Every structure is written in C-alpha cells, then in structure tokens.
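See structure below.
What follows draws every value from the coordinates through simple rules; no lab data is involved. Quick caveat: nothing in here was measured; it's all calculated off a predicted structure. A quick note on method: Cβ atoms are made from the backbone with ideal geometry, for glycine too, and the neighbour counts reach across all protein chains shown.
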Amino acid sequence: MTSSGAPDEPADFRAAVESLHAARVRHEIEVGPIRPPQRLAPYSYAVGAEVRPPDDPDVVPTDSQGSAFGRLILLYDPAGQDAWNGTIRLVAYLQAEVEAALAMDPLLPEVAWSWLSDALGVPVGESSTPEHSGNGPSLDGTARRIEVTALGGTVTSTTSVRYGDIAGPPRAHQLEVRASWTALTAEGLNGHLEAFCEVLASAAGLPPTGVTRLGAT
C-alpha cells in the first residue's frame, strides 16, 4: 500500500508523510514524490532527489561533476519489525559521479559514510544518535533535531568505461551509498530528508550553502 491520503491510513503514517513535505532543501536539488517499492512494509512512501544539471546544457564533463541523484523511502509497519527496533524505517540510496582522484582515494568510503553520520547526528562508528544531542540548523536557520537508531549501510566506489557508440565521458567514476535507519518518531521527518539531501550535495561536490564557487557570476 502506498500513501493515498485515505482516511483509514494510520495517523502516524500520515504525519510522517506530511512531515517529509515540510523539508527545506537547497535550490540546486529537485525533490518530488516517486512510486515506492511494494511489499517491504504495509505502508510506504518515497521521494526522489536529483541535483540539477549545470546551466549550460552543452557542457559535457570528461571526468566528474556528473549526475547525482537518489531516493528516500519511508516504510511504516504499525506492528513494528524486530530488525527495525521501531515502526518507521527510512531507506536511502544515492549515486553520484565523482572525480578520478576522489574515486581512487582508499578513504572515500569512510568519508562518504561520515557525511551521512554527521548529517544524521550519529557519531562515526555508532548506529544511534546520542541522547539530548543536536543536529545543527536547517536551511531556514531553525534548530533541527533528528533521532535515529539501527543505522547501517554500504558505500561502493566503481569505475565505468564506455566503448563504442555510447554517449558520455569515456571513463566515469561513481559513488554509491545505500543506508537505512529507524526514526524514533513520526514527526520531524523533514529533518531526515534534509539530512539526506545534504549528503547528496556533498557527493555531488556542491559548495556549502551560502558559499559561491570561484568564478561564478
């Protein structure tokens, strides 16, 4: 079942979906609802996120600054699941093209995972947010509080080489992050989506908010 707005949907699930809609993300990232996977939970909802391409459509990078996209899936099971340690599970996936030098860095997986850990407020090496910890401000300057547990995932770095009549750079390097975590409350999931988009922005090589790239007009 997906979120249809039907009155028989659990109140916690409706609240979770509504809180996702309240997320504020940077203008370079486009976010919108997508079809969620089926059979993972009684109720599910999903959003897709994509970094907008450069203003000049004729610019085709030879190595880096490529596409970056991802999806965040909300799963809700009123009965809970043992592996979740709760009733609300968020499943994240993102992929971004990265520079060759970064792709070859053996520390890239650790760096990429630290982006997610920092965004969620989970100490690196841990799987839950500490009690009474903060996660920093949102884009509007208000305080953001995220509480998660059972965080886990994988980071993969790959290289693709194109041959023959295939469009795109001859060699591309991709970073892929798959992760999932349990939200401790149905409210405030906008912070989870905002954190996910922060990781996507880092993977895409976007500058911090409020910083302009050198040479920009």
note: region 13-53, Cα-Cα separations exceeding 15 Å make up a percent value of 49 percent
Using modelled backbone amide H atoms (1.01 Å from N, in-plane), which distant-in-sequence or interchain residues come within less than 5 Å of Arg171's amide H?
-> Arg162
How much length, in nm to one decimal, is gained on full extension between His27 and Glu176, taken as 0.36 nm per residue of separation minus their Cα-Cα distance?
-> 51.4 nm
Using θ = phi - 60° and the Karplus relation 6.51 cos²θ - 1.76 cosθ + 1.60, list the HN-Hα couplings for region 25-30 in order, rounded to whole Hz, with x at every Gly or Pro.
-> 10, 5, 5, 6, 10, 9
Using per-residue counts of other Cβ atoms within 10 Å, averaged over each peptide, order 84-92, 29-37, 17-25 from highest down.
-> 84-92, 17-25, 29-37
